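Here, each number is a calculation from the coordinates, and none is a lab measurement. Keep in mind the model is a prediction, meaning the values are calculated, not measured. Methodologically, a virtual Cβ is constructed for each residue, glycine included, from the backbone with ideal geometry; neighbour enumeration extends over all protein chains shown.
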Amino acid sequence: MSGRSGEEMIDAYLHRLREALRGTPADRRDQIVSDVVQHIAEARAEESSSDAATISGLLARIGTPEEIAAAFSDTNGEEQSRGAPESNRNDQGSPRPQSPPGAVQWAIRLMYGGAATSIVTAVVDLATRSELKAFLKSGTDLASRLHGLPKLTPSQLGSSTMDDLVMAVIIWALSVLLWSLIARAGKDGWTSLRFAASALFGIDTLMLLIGPPDLSVRGPRVTDICPVVVWLIGLAVVLLLWQRSASKFFDASR
Amino acid sequence: MSQMRRGAVEYCVMALLRDRDRYGLELARTLVAADGLVSSEGTIYPLLSRLRNEGLVETFWRESAQGPPRRYYSLTDRGRESLKFFVEHWERFRSAVDRVLEDGAG
């Protein structure tokens, strides 16, 4: 290495490292090389000199590229040859499913967020039923005065709001259940998760288009805004689940 | 023995991250200083890469007062659970081995 500058030595080292890691998955190789580049930068910042002797000592402490490649084989190669490492096996000795990538983990968190949003909407919706009853009463009174239509009796009004209440409870319970089920299935590595989530998102989009919230009459309310929030969460979930890292994970889980 | 050491090192890394986040150089030097845990500083990066891929640790950048921004490693909830599981089983395993070694010596 004599005669070369510190920079040249680092370039040559990194070139050898890439060569030694050839045959490893590209994303893992890039990650390790990036980590080593970062390590060198941090170690150099602590040194008072950047001469060849200092850099040589620094690179010697990091270890040879071949040592790092061997460490990769130790920690990952065994995983490939045995199916899964010991640390990745459960008590019964069977391999644990591979951990989902960040995109899938975020999608799962968002699904639980969707379930929570549905619960909040349901609670607010149920709490404002008396307001709805008053709104219906004033509406029918107005229709009666202007158009001579018969007023709804208190029992008709009660029955109407009760039907509405039952329907709302069913819809919101179904929504919470679906969000929770697909989040749970995603955690367990269900390979059809993307298709199920996309289909449900399609249904949600149709429902939103068919019955969009009417913000013009009474102004936006929590129960009007929440379906839009839930739709946006659904959109984010679908986008995350169709990312390349997620696709690789689901393909590998088949 | 080397297999046992390899298996234990990943939990040593997670144990170092249990109480606070650390950057790569710091982790590497601590493990090199711990007698024989890793042979050289760079050999921890394949392990850190695997732990990241398995969602046991995650990384973020933080400014440094003396040099470039540093990539810090932190333990995820999944990593914390995995470490807890290991510690419980390790203590039982170590006690069992100690008992056999002491009985054998006696």
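Worth a mention:
- Over the Cα atoms of segment B:60-106, the radius of gyration divided by the Kirkwood radius equals 1.39; this is the Rg/Rh ratio.
- 10 Å Cβ neighbours from other chains, averaged over peptide B:50-59: 5
- Square roots of five times the Cα gyration tensor eigenvalues for segment B:9-106, Å: 30, 16, 10
- Counting only other chain Cβ atoms within 10 Å of each residue's Cβ, the peptide A:59-72 averages 5.
- Shielding by partners, peptide A:13-25 (average Cβ within 10 angstrom, other chains): 1
- Computed packing ranks the peptides A:44-56, B:76-88 as B:76-88, A:44-56, most packed first, by mean other Cβ atoms within 10 Å.
- Residue order for A:L21, A:L235, fewest other beta carbons within 10 angstrom first, comes to A:L235, A:L21.
- If you wrap the Cα atoms of segment B:1-48 in a convex hull and average its projected area over all directions, you get 3.1 nm².
- Under-5 Å amide H pairs with B:Y23, H placed in peptide plane, nonlocal only: B:Y73
- For segment B:1-76, GluC sites (Glu not before Pro) meeting the loop criterion (DSSP other than H, G, I, E, B) and having at most 10 other Cβ atoms within 10 Å: B:E63.
- Among residues other than B:R18 with Cβ under 11 Å from its Cβ, the summed charge is +2 (Lys and Arg +1, Asp and Glu -1).
- Where the alpha-carbon atoms of segment A:1-63 are placed on the principal axes, they occupy 36, 23, 16 Å, in descending order.
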